[in-house]
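Beneath this line is the structure, given in structure tokens, with notes to follow.
Here, each number is a calculation from the coordinates, and none is a lab measurement. Note that the coordinates shown come from a computational prediction; the quantities given were computed from them, not determined experimentally. All Cβ positions, even for glycine, are placed from backbone atoms using ideal geometry, and neighbour counts span all protein chains on display.
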Amino acid sequence: MRAVARDAMSHAYAPYSGYPVGVAALVDDGRTVSGCNVENASYGIGLCAECGLVSELQRTGGGRLTHFTCVDGSGEILVPCGRCRQLLYEFGGPGLLLETPAGILPLSEMLPQAFGPQHLTK
């Protein structure tokens, strides 16, 4: 998966930060999906790589994410920002396994007490 993330990173559009990011994830049906960051001159509307990944997940049939990795321009492992952890929670849940610099961790350890659909019930 790391090779897929590196390939995705090579397509990143990061002219302002110079910080390309690529991500890849395994889906519960065996597919691999990926994404890259896309910056914008209006900084607030740039997209993290995880946004592209989730878009590709939905575009190619949906499903649940089971394993995830994220790399920077040097191919080093990164952890998702808080916003992206919440995005990943929606599509993978607490058991999604993330590759981190400290090893493989479940998302529940990276985003404890996450907000989810169960909190929207009346």
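Which net charge results for the neighbourhood of Ser108, defined as the other residues with beta-carbon distances under 15 angstrom from its beta-carbon, given Lys and Arg at +1 and Asp and Glu at -1? Can you show the working numbers first?
Working: positive: Arg64, Arg85; negative: Glu90, Glu109.
Once positives and negatives cancel, what remains is 0.
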DSSP loop chymotrypsin sites (Phe, Trp or Tyr not before Pro) with at most 12 other Cβ within 10 Å excluded, longest remaining stretch of the chain: 17-114
Low-density loop positions, trypsin sites (Lys or Arg not before Pro), region 6-89 - DSSP coil, at most 15 other Cβ in 10 Å: Arg31, Arg64
Within the set of other residues whose C-beta is less than 15 Å from the C-beta of Arg2, count the net charge using Lys and Arg as +1 and Asp and Glu as -1. -3
Farthest towards the positive end of the dipole of the chain, among Pro101, Tyr89, Pro20 and with Cβ unit charges of +1 on Lys and Arg and -1 on Asp and Glu, lies the Cα of Tyr89
For the chain, what size does the Cα cloud have along each of its three principal axes, sorted from largest down, in whole Å? 44, 31, 30
Give, in nm to one decimal, the length gained when the segment between Gln58 and Ser10 is fully stretched (0.36 nm per residue of separation minus the Cα-Cα distance). 15.1 nm
Charges only on Cβ, +1 for Lys and Arg, -1 for Asp and Glu: so what's the dipole of region 1-119 about the Cα centre, in debye to the nearest 20? 100 debye
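Can you tell me what share of the DSSP beta bridges in region 1-119 is antiparallel? A percent to the nearest 5 is fine.
Values: 18 of 21 bridges.
So the antiparallel bridges amount to about 85 percent of the total.
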